[in-house]
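To start, the structure under review is shown below, and the notes come after it.
The values are calculated or read from the model by the stated rules, or taken from the named source; none is laboratory data. Worth saying up front: this structure is predicted, and the values here are computed from it rather than measured. Note that we place each Cβ from the backbone using ideal geometry, even for glycine, and neighbour counts take in every protein chain shown. In case anyone asks, the SASA skips ligands and DNA or RNA and just uses the protein heavy atoms, side chains included. Shrake-Rupley method; radii C 1.70, N 1.55, O 1.52, S 1.80 Å.
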Amino acid sequence: MVKVEIDEGSGFCFGVVTAINKAEEELTKGGTLYCLGDIVHNSREVERLKEMGLITINHDDFNHLRDAKVLLRAHGEPPETYEIARRNNIEIIDATCPVVLRLQKKIKQEHTQKNDEDKQIVIYGKTGHAEVLGLVGQTTGEAIVIEKLEEAKKLDFSKSIRLYSQTTKSLDEFQNIVEYIKEHISPEVTFEYYDTICRQVANRIPNIRKFAASHDLVFFVSGKKSSNGKMLFSECQKVNPNSHLIDSAEEIDGSLLTGATSIGVCGATSTPKWLMEEISKAIQSRLTGQ
């Protein structure tokens, strides 16, 4: 008998749960609700909410909206988005994750704090990612974004550095960047770093490693756009090379099931539980059909 197990620790983080709950709550009231960007980096969940009436728009559409209701997703937005909303009489339903909000405030305070120190505000994160755009926006576009340790080497070590992190980045990589800056920064200037990585996300790494290692075949369920998905999937692959990234039951390669005795289904902070359950059922029906 083949065992198929869904990882209990996978699925939406609380920030995403809150955003989706707010969207569903507003949609049941009737009226038109727009969402600025995909509410979550998972096309299946976006599709489900679209069927309920949620209309996803981009920043260009948003700039031309008037007298409307718009949901801001968990990733957060730069100050100019709120400014446009005020000018265009747009009602904002703000579902920015509280962890992201705290980080935005910290960065804004650092940026507006005027002293004689010539400092660089550095954000370890993915260039162009929605959350990172919201963070850079707190510094009127002046923050420097680095995606990996290699890019930290290009910083100006003769100037003070204030380092922050996108909330969903790898803790290990962040610590490597901190160590590198500590070793190379001039003693004449100051270096302060703030570990702003969400623990609910960071703690998933040891959990997912353990889960992936305990099965001989793993299906990691995630949207292709999810940076958290990419990061967690690579953690699965490190401990179990027989891990496969899929975003729907249609992508299950039946030949992988042959000979497997224990199959694990897990996912990202943007993966809905119902989708993992759907995939688990599809695996089970293929197994019984074999």
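Of all the criteria given as (1) surrounded by fewer than 19 Cβ atoms within 10 Å (Cβ to Cβ); (2) part of a strand (DSSP E or B), the one not satisfied by Asp60 is (2).
Please work out if Asn89 is out of contact with any Asp or Glu (no Cβ under 7 Å at 6 or more places or on another chain) and open to solvent by 20 Å² or more (accessible area, probe 1.4 Å). Before the answer, list the steps.
On the way: out of contact with any Asp or Glu (no Cβ under 7 Å at 6 or more places or on another chain): no; open to solvent by 20 Å² or more (accessible area, probe 1.4 Å): yes.
For Asn89, the condition - out of contact with any Asp or Glu (no Cβ under 7 Å at 6 or more places or on another chain) and open to solvent by 20 Å² or more (accessible area, probe 1.4 Å) - is not met.
Taken over the range 271-285, the criterion of being touching a Gly at 6+ places or on another chain (Cβ under 8 Å) and either open to solvent by less than 10 Å² (accessible area, probe 1.4 Å) or outside the structural domain of Asp7 (by the TED database) (or both) is satisfied by Thr271, Pro272, Leu275, Met276.
When the range 150-175 is filtered for residues that are closer than 25 Å to Lys105 by Cα, surrounded by fewer than 17 Cβ atoms within 10 Å (Cβ to Cβ) and not acidic (Asp, Glu), the ones remaining, listed by number, are Lys159, Leu171, Gln175.
Could you please let me know if Gly229 is at pLDDT below 95 and of a type outside the set (D, E, K, R)?
Values: at pLDDT below 95: yes; of a type outside the set (D, E, K, R): yes.
Criteria met by Gly229.
Looking at the structure I just gave you, is Lys210 basic (Lys, Arg), within 21 Å of the chain's Cα centre (by Cα) and modelled with pLDDT of 95 or more? For Lys210, the condition - basic (Lys, Arg), within 21 Å of the chain's Cα centre (by Cα) and modelled with pLDDT of 95 or more - is not met.
Considering each of Glu47, Glu80 in turn, give the residue that is open to solvent by 70 Å² or more (accessible area, probe 1.4 Å), in contact (Cβ under 8 Å) with a residue 12 or more places away in the chain and either under 19 Å from the mean Cα position of the chain (by Cα) or under 15 Å from Gly134 (Cβ atoms) (or both).
Values: Glu47 fails: in contact (Cβ under 8 Å) with a residue 12 or more places away in the chain.
The conditions single out Glu80.
Checking the conditions here, which among Ala19, Ala68, Ala74 is within 23 Å of Ser248 (Cα to Cα) and small (Gly, Ala, Ser)? Only one candidate passes the filter, namely Ala19. Among all residues of the range 207-216, there is none that is charged (D, E, K, R), open to solvent by 30 Å² or more (accessible area, probe 1.4 Å), within 22 Å of Thr127 (Cα to Cα) and without any contact (Cβ under 8 Å) to a residue 40 or more places away in the chain.
Has the range 111-133 got any residue that is open to solvent by 70 Å² or more (accessible area, probe 1.4 Å) and β-branched (Val, Ile, Thr)? Yes: one or more hits. Given the conditions (1) in contact with an Asp or Glu (Cβ under 8 Å, 6 or more places away or on another chain); (2) open to solvent by 20 Å² or more (accessible area, probe 1.4 Å); (3) of a type in the set (A, V, I, L, M, F, W, C), which single one is not true for Leu71? Against the list (1) in contact with an Asp or Glu (Cβ under 8 Å, 6 or more places away or on another chain); (2) open to solvent by 20 Å² or more (accessible area, probe 1.4 Å); (3) of a type in the set (A, V, I, L, M, F, W, C), Leu71 comes up short only on (2).
Among the strands (runs of 3 or more DSSP E) confined to the range 156-267, the ones with at least 3 residues that are among the small types (Gly, Ala, Ser) and not assigned by the TED database to the domain that holds Gln138 are located at 262-267.
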